[in-house]
1. Exceeding 25 Å between C-alpha atoms, which entries from my cross-link table qualify? They are 21/248; 21/274; 161/235; 143/171; 34/171; 144/251.
2. Evaluate region 110-211: find the radius of gyration of its Cα atoms, find its Kirkwood radius, and give the ratio Rg to Rh.
3. Could you give the size of the charge dipole of the chain about its Cα centre, using +1 on the Cβ of each K and R and -1 on the Cβ of each D and E, expressed in debye and rounded to the nearest 20?
4. Express the relative contact order of region 145-271 as a whole percentage, based on alpha carbon pairs under 8 Å and six or more residues apart in sequence.
5. Placing +1 on the Cβ of each Lys and Arg and -1 on the Cβ of each Asp and Glu in the chain, which of 123, 83, 65 has its Cα farthest towards the positive end of the resulting dipole?
6. Please determine, in degrees from 0 to 90 and to the nearest 10, the orientation of helix 278-297 with respect to the longest principal axis defined by the Cα atoms of the chain, where the helix direction is its Cα long axis.
7. Working from Cα positions, state the angle (0 to 90°, nearest 10) between the long axis of helix 164-173 and the longest principal axis of the chain.
8. Rg/Rh for region 32-166 to two decimals, with Rh computed the Kirkwood way over all alpha-carbon pairs.
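The values are calculated or read from the model by the stated rules, or taken from the named source; none is laboratory data. Because the structure is predicted, anything quoted here is derived from the model rather than measured. Reconstructed Cβ throughout: ideal geometry from the backbone, glycine too, with neighbour counts over all protein chains shown. Each accessible area value is taken on the protein alone, full model and side chains, heavy atoms only, with ligands, DNA and RNA left out. Shrake-Rupley method; radii C 1.70, N 1.55, O 1.52, S 1.80 Å.
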Amino acid sequence: MRHLISIGDLDREDINYILKKAEEFEDVARGEKKLRILEGKILGNLFFEPSTRTMMSFETAMKRLGGDVINMTAQEASSIAKGETLADTIRVVSGYCDAIVIRHPLEGAARFAAENSSVPVINAGDGAGQHPTQTLLDLYTIKKECGRLDGITIALMGDLKYSRTIHSLIKALALFDMRIYLISPEALALPEDIIEDVSAEIRRARLEEVISEIDVLYVTRIQKERFPDEEEYRKVSGSYRITAETLKSAKDSMIVMHPLPRVDEIHPSVDSTKHARYFQQSFYGVPVRMAILSEVML
Ligand code: CP
């Protein structure tokens, strides 16, 4: 694997390979076992948009494997503020490190970065485009918590229009034998071109119709920062919310996932139910990113 820009860069076999590798790293990710296979390697984290989980779990993954990290997060403290282009920034930073992780508000920025980099580039989110490492950890969560990927019924709920985690995930779900329900306000529906691009059993639904049938409920935040105007955001803000009561008729084994951060779409009452897996899902980002880093760096 040279770059990881879109989940479409991987086939089912590649995905299964990374998930298997991630499982082997779990005790290292928990700090229960020492492994220094990335000693002497440096990761360059370039975050042009805010992040807690992606940036910190890449840093944790790198450090737990003996490697080091250089970060550029505050654009006002870098030469971007003096007008340096993304292409020049990438050309320079790729001389300082062995791989680059980039998050950028523009769709296509990670692919552009890869074209200008002499080291592997990993997309940590490009606008409303793709978030492939999130998808891999989402698949890992489903496999670990449901015991399988094939034969799963999943509902994708929330902002399906702007959520890059959904745009990535749905492509990967289609590689497995899954039934997919889409649950969203009309204004936040999944774009038709993405649906047409995915060959899977997909149907729009209401949560009440499918709650007792699904194995996974994957909820997303309304991506306020992607709305072209504030008024459009206000129309849909607060339009859906999961509470412990909402899940009363779910199967015991049904899991609730969320890429996080959440705002108000999952009430804290869900946290203590048997269904909540979103914090576990965040942790799984560490072994999965260890697997990705070891693939691109070794
Ligand atoms: N899920 C995710 O991408 O979280 P961050 O924005 O905190 O990285």
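1. Numbers: 21/248 36 Å; 21/274 28 Å; 161/235 15 Å; 143/171 17 Å; 34/171 35 Å; 144/251 17 Å.
Check vs 25 Å cut-off fails for 21/248; 21/274; 34/171.
2. Details: Rg = 14.7 Å, Rh = 14.6 Å.
Taking Rg over the Kirkwood Rh, I get 1.01.
3. Working: 38 positive and 46 negative charges, 162 e Å.
It works out to roughly 780 debye.
4. On the way: 201 pairs, mean separation 37.4, N = 127.
Reported relative contact order: 29 percent.
5. Ranked along the dipole, the leading option is 65.
6. 40
7. 70
8. Values: Rg = 16.5 Å, Rh = 16.3 Å.
Answer for region 32-166: 1.01.
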